[in-house]
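Colleague: This is the structure I have questions about; it appears just below.
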Amino acid sequence: MQFIQQMINGLTIGAFYSLVALGYTMVYGVLKLINFAHGDLFMWGAYLGLTGLNVLLALLAQTSAWAILPVVIIVMTTVALAGVLVERVAYRPLRTAGRLAPVISALGVAFILESLARNVYGASWKTYPAGITPTGRIALGGNVRVSVMQIVVLVASFLIMGALYLFIQRTRTGTAMRAVSLDHDISRLMGIDVDRIISIVFIIGPGLGGVAGLIVALYYGSFDFTLGWVFGLKAFIAAILGGIGNIPGAMLGGMLLGIIETLGSGYISPQWKDVIAYVILIVILIFRPTGLLGERMAQKL
Amino acid sequence: MERLLTRLRQVNPLWWQVGFIVLAVLLPLPLGDYYRSVLWRTGLYVMLGLSLNIIVGYAGLFQLGHAAFYALGAYTAALLNLYFNVPLLLTLPASIVVAAFFGYLITRPILHLRGDYLCIVTIAFGEVVRLVLVNNLFGITGGANGLCGIDRPALFGFELRQPIYHYYLMLIFLVISIFAVHRLEHSRLGRAWMYVREDEVAAEAMGVDTTRVKLLAFVLGSGWAGLVGALYAGKITVISPDMSKFMESVIMFCIVVLGGAGSIPGILVGTLGMVTLPELSRPLKAWRDAWLGFAMVAMMILRPEGLWPSRRVRLEIRGAKEEALPAPATGD
């Protein structure tokens, strides 16, 4: 029974990783760039959510779970705007500059975002206002319990991921995105506005990341400015695990990483859970060099 | 101005090198201990940059876990010194060998991975090393507090206590490293690295054993970083798992790319930008990282080839830009 409990906990954490990993993987898909700033955009989601909630609750003068909805929209828009801005300023001028320069630029943006958060909010742990999130637990029999919050997290993440998948697969814009990730020049010849598609990717990816930040902060209740690096790195690993550039891969990778970590921490030792996750990542990459769902790439000639 | 530069370029490079060494020897003399330590730190990171440059700059492989090998070198030296009383300078070869061995062990099975996948494995390895040290494997690594009480290096019974002696020790290794790396760059192996960096398939077709060449880059780079780790342990005498932090690897990576990947003077410039200036601007600590980040973005936009790139890389990036733009009617 403990196993099922661990699986549920693992899936919840995995859902967070998946949401953040989607941002990495989408940007990688269109730009072939590891967007190191993504983790920090995600962290800003948590901070902005905190400010938003505090302001809103002060205005309402009461605690209400419904305050979360407008905050979600505010966080999503702000972080998405920040994402687009980052792309415009720091990545667009570097499209033709080889592969190293954009990585440094991305790391630079990550430095800026993190330092900004530390200076604006301080280095101490921040706690979300109490009484917003549901606290109940539902017993499933045999000592297995699911908290209401876990159910909310899982349902919300699956809805978001499902919607994103349909968007990418079924809409015109989604199709254009897939085309751009294959080849910029040929997409342009087919009449796709590549810059516009990249901007859209930078709206969706960071937007999702921002919301994920908010959800993570709500789930754990408190966080500090290292959240960006810690979760960012894990989510990036999840994206690679599933095969970077591949959207279902990011979802699968995130879930798997969450489950592996939780099982490792439950059955082996909490101290070694990260080591276990990293070692499994390395082993998987040795046998499947492009990740679990990554396409088998022919070498370019 | 243009003429002056041309004149300067025509000066025999030997004079530049001698001048540089003389400057490096004289520089710490009028300075206080704090600034001497800053100079030592600069030298340390230049050496780390040189070692990573072999992997990132010459062979073009993404390595974002380089700090792991630096930490491994430091821990090797510290453990040998603390448990077996080996004098610190004699632990240097062991540090090199251990770091190089791990470099081989971790990269051998993953060399066939594409760039970004390789990058994540190196990150993961760096984190594994840090966590193993934190979790105190076999109970000998001292856990999160690390190890302390490491002997300082001693030469013929003369113990190096003051920062300036450490600086000169570093300088000796630095000059050896620069010489060695420069020779490597122009060796058969160096050319093979650059060939692999430019086009792996073509290199293989021309008979370059790409696996062996890439492996050598990792092994040499890692071993060198191990040496630097041991030197660090000798001066600071306290080491902790934080040496293998992702942030450290990021700084090393930035040093190499910011200065211009594959360029030795570029490493020096990159270190000044990433390590020395931030260190000296400690009073501005709160906003230091933001400025650093801002400078990194601005620098890459203005000079994507780095501050002091090797001629080859500069031509390459400028060339790619012209190709990507719609061909202008007149050249500039």
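Throughout, read-outs are computed from the coordinates displayed, never taken from laboratory work. Everything quoted here is computed from the prediction, not taken from an experiment. Note that each Cβ is placed from the backbone with ideal geometry, even for glycine, and that neighbours are counted across all protein chains shown.
Colleague: Hey, fewest Cβ within 10 Å first, where do A:M26, B:M206 land in order? Display every interim value, and only then the final one.
Modeller: Working: A:M26 27, B:M206 10.
So the residues, fewest neighbours to most, are B:M206, A:M26.
Colleague: In degrees between 0 and 90, to the nearest 10, how far off the longest principal axis of chain B does helix B:88-107 point, with axes built from Cα atoms?
Modeller: It is inclined by approximately 50 degrees.
Colleague: Round to the nearest 10 and give me the degree value, 0 to 90, for the angle of helix B:210-236's Cα axis relative to the longest principal axis of chain B.
Modeller: Once rounded, one gets 40 degrees.
Colleague: Please identify the helices of chain A, taking whole runs of DSSP H, that span at least 24 Å along their own axis as judged from the Cα atoms and have a mean Kyte-Doolittle score of 1.0 or higher. It would help to have the intermediate numbers written out before the result.
Modeller: Values: long enough: A:2-31 (43 Å, 1.09); A:38-60 (32 Å, 1.23); A:68-86 (26 Å, 2.75); A:100-121 (32 Å, 1.38); A:148-170 (32 Å, 1.93); A:194-220 (39 Å, 1.73); A:247-267 (30 Å, 1.14).
Correct list, ordered by number: A:2-31, A:38-60, A:68-86, A:100-121, A:148-170, A:194-220, A:247-267.
Colleague: So what is the orientation-averaged projected area of the range A:178-301, using the convex hull of its C-alpha atoms, in nm²?
Modeller: Values: hull surface 39.0 nm².
Mean projected area for the range A:178-301: 9.8 nm², to one decimal.
Colleague: Quick one: the Cα spread of the range B:247-311 along its three principal axes, in angstroms, biggest first?
Modeller: The Cα atoms of the range B:247-311 stretch 37, 20, 18 Å along the principal axes, largest first.
Colleague: Still on this structure, I have one more. Using only Cα atoms, tell me the angle between helix B:246-259 and the longest principal axis of chain B; keep it within 0 to 90° and round to the nearest 10.
Modeller: On a 0 to 90 degree scale, this one is about 40.
Colleague: Amide H to amide H under 5 Å from A:L140: which residues, 5+ apart in sequence or cross-chain, H placed 1.01 Å off N in plane?
Modeller: For A:L140, the qualifying residues are A:R145, A:V146.
Colleague: Provide the per-residue ³J(HN,Hα) series for the range B:2-7, in order, calculated from phi with Karplus coefficients 6.51, -1.76, 1.60 and θ = phi - 60°, each as a whole number of Hz, with x at glycine and proline positions.
Modeller: For the range B:2-7, the Karplus curve yields 4, 5, 4, 4, 4, 4 Hz.
Colleague: Sticking with this one: Taking 0.36 nm per residue of separation and subtracting the Cα-Cα distance, what length does fully extending A:L159 through A:R137 add?
Modeller: Values: separation 22, 0.36 × 22 = 7.92 nm, distance 2.16 nm.
Full extension from A:L159 to A:R137 adds 5.8 nm.
Colleague: For peptide B:117-129, how many partner chain Cβ atoms fall within 10 Å of a residue's Cβ, on average?
Modeller: Shielding by partners across B:117-129 averages 6.
Colleague: Now a separate question. Tell me which chymotrypsin sites (Phe, Trp or Tyr not before Pro) from the range B:112-208 have a DSSP coil assignment and no more than 13 other beta carbons within 10 Å of their own.
Modeller: On the way: sites: B:Y117, B:F125, B:F138, B:F156, B:F158, B:Y165, B:Y167, B:Y168, B:F173, B:F179, B:W193, B:Y195; in loops: B:F156.
Loop-located and lightly packed - B:F156.
Colleague: Right, something else. Any idea what the dipole of the protein assembly as shown comes to, in debye rounded to 20, about its Cα centre with Lys/Arg Cβ at +1 and Asp/Glu Cβ at -1?
Modeller: On the way: 46 positive and 32 negative charges, 68 e Å.
About 320 debye.
Colleague: The range B:125-194 to the range B:208-276: how many Å between their Cα centroids?
Modeller: Their Cα centres are 10 Å away from one another.
Colleague: Find how many whole Å separate the alpha carbon centroid of the range A:183-213 from the alpha carbon centroid of the range B:85-112.
Modeller: Taking the Cα centre of the range A:183-213 as reference, the centre of the range B:85-112 is 44 Å away.
Colleague: Taking other Cβ within 10 Å of each residue's Cβ, how do B:C119, B:C254, B:C148 sort, fewest first?
Modeller: On the way: B:C119 21, B:C254 24, B:C148 13.
In order of increasing Cβ crowding within 10 Å: B:C148, B:C119, B:C254.
Colleague: When B:H166, B:H66, B:H112, A:H38 are ordered from fewest to most other Cβ atoms inside 10 Å of their Cβ, what list results?
Modeller: Result, fewest neighbours first: B:H112, B:H166, B:H66, A:H38.
Colleague: Net charge near A:I112, counting Lys/Arg +1 and Asp/Glu -1 over other residues with Cβ under 15 Å of its Cβ? Mind showing how you got there, number by number?
Modeller: Working: positive: A:R88, A:R118, B:R288; negative: A:D40, A:E87, A:E114, B:D289.
Counting the neighbours of A:I112, the net charge comes to -1.
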